Amino acid sequence: MKLSVGFDIVYDCPKPTPMILTLSIHYSRVSDLLRPDTLVINPPVPMKAYRDGFGNWCSRIIAPKGEIHLRADTIVSDPGTTDRIEQEAQQHAVHDLPEETLVYLLGSRYCETDSLSETAWALFDKTPTGWGRVQAICDFVHQHIQFGYEHARPTRTALEAYRERQGVCRDFAHLAVAFCRCMNIPARYCTGYLGDIGVPPSDAPMDFSAWFEAFLGGQWYTFDARNNIPRIGRVLIAQGRDASDVAISTTFGPCTLKSFRVWTYEMKE
């Protein structure tokens, strides 16, 4: 199937402001692009592109004083299959893990493993290891947190989400990631496009979505504590330790978000 994905974002800066933008579709999906995923900036400014330490495509600009308009609109070919389920996937002993996964066992800005470790072991010590344990974590987080856009707060951490029991998709992902790491399962935070494909449509405005991946049986698998069912049509933008590594924009100065629109939908043949 073909997916139309894109965004239209406007910022207002009181003075020239350096920005890092993480808005390009992940390199692992480049072969699926049916037209270029081009970031269009108005007014035009010089832009430098680079790949960060997690492999994400990023862009550096200096936003001029006043409003700056960011837009991209592309078409992605997608197999239309649901997230893969592999219930026999086993958990690795820590000493057997590949070195590149070890960073995803450590605490990070929004995933306080030191503060949540005792809670995690009390909750999940008796669950089956491997896939069953990650799914048990997703089940708990899905039931524990009440979803609502009115609960959004960009500074909420996994520990705060656990205590407050409310949040948005990033909070579900942060808490599940933190619990996995506490249980010695590498887990990384993901952000991207996810439309209402194969599920009842939502009346809420569309946004970028957050989920996570856990390393089991020698590979990374997708999990989604917010929806907690296999979904169709995920398009990855970026992955990292938590939301701080994959922010759509990092500004080095004051900046106001004036307008924000994201779309993801299946194109009819």
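The values are calculated or read from the model by the stated rules, or taken from the named source; none is laboratory data. Owing to the predicted nature of the structure, the values given are computational and were not obtained by experimental measurement. Using ideal geometry, Cβ is built from the backbone for each residue, glycine included, and neighbour counts are taken over all protein chains shown.
What the table below lists for this structure:
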{"quantity": "Test for ARG241: is it within 27 Å of HIS92 (Cβ to Cβ) and touching a residue at least 12 places away in the same chain (Cβ under 8 Å)", "calculated": "yes"}
{"quantity": "Residues being part of a helix (DSSP H, G or I) and not β-branched (Val, Ile, Thr) - total across region 144-181", "calculated": "23"}
{"quantity": "Considering residues of region 237-263 that are part of a strand (DSSP E or B) and either among the charged types (D, E, K, R) or modelled with pLDDT under 95 (or both) only, the residue nearest to the chain's Cα centre (by Cα)", "calculated": "ARG261"}
{"quantity": "Pair list, Cβ under 9 Å, 6 or more apart: region 128-143 residue at positive phi and in a helix (DSSP H, G or I), other residue among the hydroxyl-bearing types (Ser, Thr, Tyr) and surrounded by fewer than 17 Cβ atoms within 10 Å (Cβ to Cβ)", "calculated": "none"}
{"quantity": "Residue within region 179-188 that is crowded, with 17+ Cβ neighbours inside 10 Å, of a type in the set (Phe, Trp, Tyr) and either under 25 Å from ILE9 (Cβ atoms) or at pLDDT 95 or above (or both) present", "calculated": "yes"}
{"quantity": "Test: residue in region 99-120 that is more than 23 Å from GLN239 (Cα to Cα), part of a loop (DSSP other than H, G, I, E, B), in contact (Cβ under 8 Å) with a residue 24 or more places away in the chain and out of contact with any Lys or Arg (no Cβ under 8 Å at 6 or more places or on another chain)", "calculated": "no"}
{"quantity": "Top-ranked residue of region 47-84 - restricted to ones that are under 30 Å from ASP196 (Cβ atoms) and surrounded by fewer than 12 Cβ atoms within 10 Å (Cβ to Cβ), ranked as nearest to the chain's Cα centre (by Cα)", "calculated": "ARG84"}
{"quantity": "Residue identified as touching a Leu at 6+ places or on another chain (Cβ under 9 Å), assigned to a loop (DSSP other than H, G, I, E, B) and at positive phi among ASN228, ASN184", "calculated": "ASN184"}
{"quantity": "Segments classed as strands (runs of 3 or more DSSP E), wholly inside region 1-92, with at least 2 members that are more than 18 Å from VAL262 (Cα to Cα) and without any contact (Cβ under 8 Å) to a residue 60 or more places away in the chain", "calculated": "48-51, 57-63"}
